Each structure stands twice: as structure tokens, then as C-alpha cells.
Ligand code: F6P
């Protein structure tokens, strides 16, 4: 692996336990909103600040963008890679003490950039244990982060062939009819698993097989999730693991990136289930 990419992934792994340790005292909302208009928790700003400082300190990192700040921060020193980070995906789960975590996309083009410019991506999941899933050079690897170490637990992770679970976001009356019809079929076949943090729900799909969606809504045709920070990095992992991603008609990795905080409908999982979704929409 290129040393610059390895340094980014190592930094995310070594910062994760410190982020986790800092969560318990930062469960309350402040007075600020992120650029997408969502209220920020003290924990969002804490994780963002820590990742910004550590990642921008690396020689290989040219810039840092995050869901929690308006614009891209450039490194004074230059570097080859551009980081798009969701410091705490699903952070509203902190209040109810449910799963959430960190997502990082490593792009080799200045941001905003499309998903084909990703060279690696990763997520850290703060569940009963802390795990990290990385995708790079056609391989997805799952690690456990414990006692200051990152230990491989699944080499060459692939989505199981026989799907078991599904999780769909948004209120049912707000779903377009075509998506509601698709969901009605899927409900007859798979078990519902929806936890309100995309990476937790996607990790269930990676573990058991299935499909996750935060679709286009009648009230929000671009859905809720952000392309650069959430859609692309997770699509890169799911596609590398043998699955598919879609905005409804094409891979998320092919969606043109026009602005840093742009939203996109997200559908991910076993290829056959995403093919069916595209046929239904
Ligand atoms: O983008 C933040 C996020 O928390 C995702 O991780 C998650 O999939 C989604 O929002 C949950 O939204 P809702 O509260 O509408 O189910």
C-alpha cells in the first residue's frame, strides 16, 4: 500500500479510541448547525477538530473537508490526497446510546470530486466493540481496534450471497410510490434492521447480506445523505466487497460531484437486490 494512504488509515485507527473516550461527556446539542442544517452535538465538533488536526498534519494530505464545516481546508504543505470525512455518522444515536462512527474517503483529486477519484475509504464503527472496515486496491478488510492495536479479523471481506437484512430510511408516506412498491416486496423476503446510523446499517448488510437505502423522498428528491462524505466512501466499500451501489439509475461512484455538501439518494447491497431496485424505479 502507498505510504501516504497507509498513514491516513493508521491515523483514523489511532484517533478512534480517543474519539470514543470523548463521547460520554459530549452528548448535548450546542447552538450551531452543520452546513446541511442539522444541529451539531459537542461530539461532532470534537471528532471533527481532532481528525482535521491529525490528518492535515500528514505529508500525504493536501486537504480536509468534513460534513461539519462549510469549506475545504487546504494543507500548507501540499500532498497527494484529499480527505472527505463524516467525523460522527449517525451522531444523533449518541443520545440513545446506539451505534455510530466515523467515515473517511481518500480522493486523489481536489474536492468536490466524483467517486471514481477515490483511492481508499474506511469507516470506524463504535458498537459494543470498535471495528474498522477499509477498502483499497480491490480488497475490503475488517479490523478490531483494541488496546491501541488494529488487528485484522476478516481478510478480503465479501457480501454474503444469500441476503438476510434490509434497512430503509425516511418516513414511509414520504417514499415515492415506486420505492414503496419495491420496499413492500423486500419486506416479504428479508428481516428489518434499521438503526438510524448509516454505517451501522450498512455494516449489517456487509455482515449478513441484504440492502440498505436512504431513498429519494417526495419532500427531498435528493434524499438525505451526502455524496462525498457518506454515499461515495460507503459505495466504494460495498462495490469492492462484491455488492452494488445506486442513486436509482447508476453507481453512486458515477454521480458527478458538483458541490461539497450535495445530497444523493443512496441504495447499497447485494447486486441482485440493487438491480431489482433500479428496475423498479
Ligand atoms: O446522515 C446522518 C444519518 O444519521 C445517517 O447515518 C442515517 O442513515 C440517517 O441520517 C438517519 O436518518 P433518519 O433519522 O431520518 O432515519
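Based on C-alpha pairs under 8 angstrom that are at least 6 apart in sequence, the stretch 3-154 has a relative contact order of 16 percent. Using a Gaussian network for the chain with springs between C-alpha atoms less than 10 Å apart, which of these wobbles most: 259, 45, 67? Looking only at 259, 45, 67, the biggest GNM fluctuation is shown by 259.
Summary value for the chain: 16 percent relative contact order, contacts being C-alpha pairs under 8 angstrom separated by 6+ residues. Against the chain, whose longest principal axis is taken from its Cα atoms, helix 177-189 shows a tilt of about 90°.
Among 117, 91, 71, a tally of other beta-carbon atoms within 10 Å of each Cβ gives an order, fewest to most, of 71, 117, 91. Angle of helix 198-208 to the longest C-alpha principal axis of the chain, folded into 0 to 90 degrees and rounded to 10: 70°. log10 I(q)/I(0), Debye, Cα-only the stretch 165-280, no solvent, q = 0.09, 0.12 Å⁻¹? These q points yield log10 I(q)/I(0) values of -0.19, -0.35. Across the stretch 3-154, Cα-Cα distances exceeding 24 Å account for 30% of all pairs. Among 158, 14, 102, the largest mean-square fluctuation in a Gaussian network model of the chain, built with springs joining Cα atoms closer than 10 Å, belongs to 14. When the chain is treated as a GNM, springs tying every alpha-carbon pair under 10 Å, which of 185, 86, 138 comes out with the largest mean-square fluctuation? Residue with maximal mean-square fluctuation among 185, 86, 138: 185. Rounded, prolate or oblate: which one fits the stretch 1-70, using the alpha carbon gyration tensor with axes a ≥ b ≥ c (rounded when a/c is under 1.5, else prolate when a/b beats b/c, else oblate)? Oblate is the answer for the stretch 1-70, as a/c is 1.5 or above yet b/c matches or exceeds a/b.
Of 131, 139, the sequence from fewest to most neighbouring Cβ atoms within 10 angstrom is 139, 131. Label the chain by shape, choosing from rounded, prolate and oblate, from the square roots a ≥ b ≥ c of the eigenvalues of the Cα gyration tensor; if a/c is under 1.5 it is rounded, and otherwise prolate applies when a/b is larger than b/c, oblate when it is not. Since a/c stays below 1.5, the shape of the chain is classed as rounded.
Only bridges with both residues in the chain count here: give the DSSP antiparallel percent, nearest 5. Please report the intermediate quantities before stating the final value.
Working: 45 of 56 bridges.
Here the antiparallel bridges make up roughly 80 percent for the chain.
Going by neighbour counts of Cβ atoms within 10 Å, the residues 28, 246, 251 line up, fewest first, as 28, 251, 246.
Between residue 185 and residue 36, 0.36 nm times their residue separation minus their Cα-Cα distance comes to what? If you can, show how the numbers build up before the last one.
Values: separation 149, 0.36 × 149 = 53.64 nm, distance 3.23 nm.
Gain on stretching residue 185 to residue 36: 50.4 nm.
The stretch 27-66 and the stretch 182-206 have Cα centres lying 28 Å from one another.
Can you give the helix-only mean residue ellipticity at 222 nm for the chain, where every DSSP H stretch with n ≥ 4 adds -39500 (n - 2.57) and the sum goes over all residues, rounded to the nearest 500 deg cm²/dmol? It would help to have the intermediate numbers written out before the result.
On the way: 6 runs with 77 residues, N = 281.
Dividing the helical sum by the residues of the chain leaves -8500 deg cm²/dmol.
In this simple spin-label approximation, residue 59 and residue 97 carry label points 7 Å from Cα along the Cα→Cβ vector, and these lie 4.5 nm apart.
Bear in mind that the values in this text are calculations on the coordinates, not laboratory data. Quantities reported herein were computed from a predicted structural model and do not represent experimental measurements. FYI the Cβ positions are ideal-geometry reconstructions off the backbone, even for glycines, and counts take in every protein chain you see.
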